[in-house]
1. Roughly what would the spin-label model give for GLN89 and GLU163, points 7 Å off Cα along C-beta, in nm?
2. Tell me, THR33, THR195, THR115 in order of fewest to most beta-carbon neighbours within 10 Å?
3. If each residue of separation counts as 0.36 nm, what is the full-extension length gain between HIS189 and GLN147 once their alpha-carbon separation is subtracted?
4. List the residues, sorted by chain then number, that are 5 or more residues from ALA212 or on another chain and whose placed amide H is less than 5 Å from its amide H.
5. log10 I(q)/I(0), Debye, Cα-only segment 141-228, no solvent, q = 0.19, 0.20, 0.22, 0.23 Å⁻¹?
6. What ranking do VAL29, VAL71 get, fewest neighbouring Cβ atoms within 10 angstrom at the top?
7. Could you order the peptides 136-144, 180-188, 61-69 from most to least packed, using the average number of other C-beta atoms within 10 Å per residue?
8. List the residues, sorted by chain then number, that are 5 or more residues from ARG108 or on another chain and whose placed amide H is less than 5 Å from its amide H.
Amino acid sequence: MRTSATDYAESGAEHGALRSGAAARLAGVPVETLRVWERRYGIAATQRSASGQRLYSASQVRRLGLIKQLVDLGHNVGMLAHLPQDSLQQLLAPPDAVSAPLLPRPLRLALVGTTLPMRMSSDLRGTASMPACDVVRVCDSLAEAPQALLGARADIIMLEIAELGDDALPPIRAASVAGAARAIVVLYHFGASATIARLRAENCLLAREPAAPADILRMCAGALAGAS
């Protein structure tokens, strides 16, 4: 993304950072939308000016521009919010631009939720741009998960939770330990902001429903690739 000297001058930038109005304009995002993304998803870790105004670096503006393009293509903003820059750019690449799988072997996937096995079934074989998956365990509810996933040695534990509150934290943690998971993905319809913040602080991946299964798997693969 290119930024002109005029844009910086008009923004009142301090030390190369842009105020929210200029950042939103350059990224192609309405200012109101940018504020919602910041508040709900923590989508840009902004600095503050001496007067308390949010400031965005050039790299954050480029990231916002990528996210805007992906949202326009139908991707879920909640899933995009915490993906690394490389993963965002990979999602924008045409399918034939990716010549190798993201990981050298199928992901070991454990599913918790009554609808997940059916939802994920058509996307498990993988493509050049999306990893194949082996479902190693399935259980219907979060309450059953710590016992049902014991010894699963899953790369990813994916949990489907309608209402995400603090009461879900202990069983999520227990399921992660029982399944020896490398990553936890929580798909939720409604969630308390404090609970979401705690899970993100513990490196869980969260996506608000509805979310496309293929997008979820790309997010998982990107997270594991970044952690390896």
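1. The answer from the label model is 4.4 nm.
2. Working: THR33 16, THR195 21, THR115 11.
Lowest count first: THR115, THR33, THR195.
3. Details: separation 42, 0.36 × 42 = 15.12 nm, distance 2.46 nm.
That works out to 12.7 nm of additional length.
4. It is ASN76, by chain and number.
5. Treating every Cα as an identical point scatterer, log10 I(q)/I(0) equals -0.85, -0.94, -1.14, -1.24.
6. On the way: VAL29 22, VAL71 15.
By the 10 Å Cβ count, ascending: VAL71, VAL29.
7. Numbers: 136-144: 17.0, 180-188: 21.9, 61-69: 19.9.
Ranked from most to least packed, the peptides come out as 180-188, 61-69, 136-144.
8. Sorted by chain and number, the residues that satisfy this are ASP134, ASP155, ILE156.
Read-outs throughout are calculated quantities, based only on the coordinates presented, and are distinct from any laboratory measurement. Since we're looking at a predicted model, the values are computed, not measured. Positions of Cβ are generated from backbone atoms using ideal geometry, with glycine treated the same way; all protein chains shown enter the neighbour counts.
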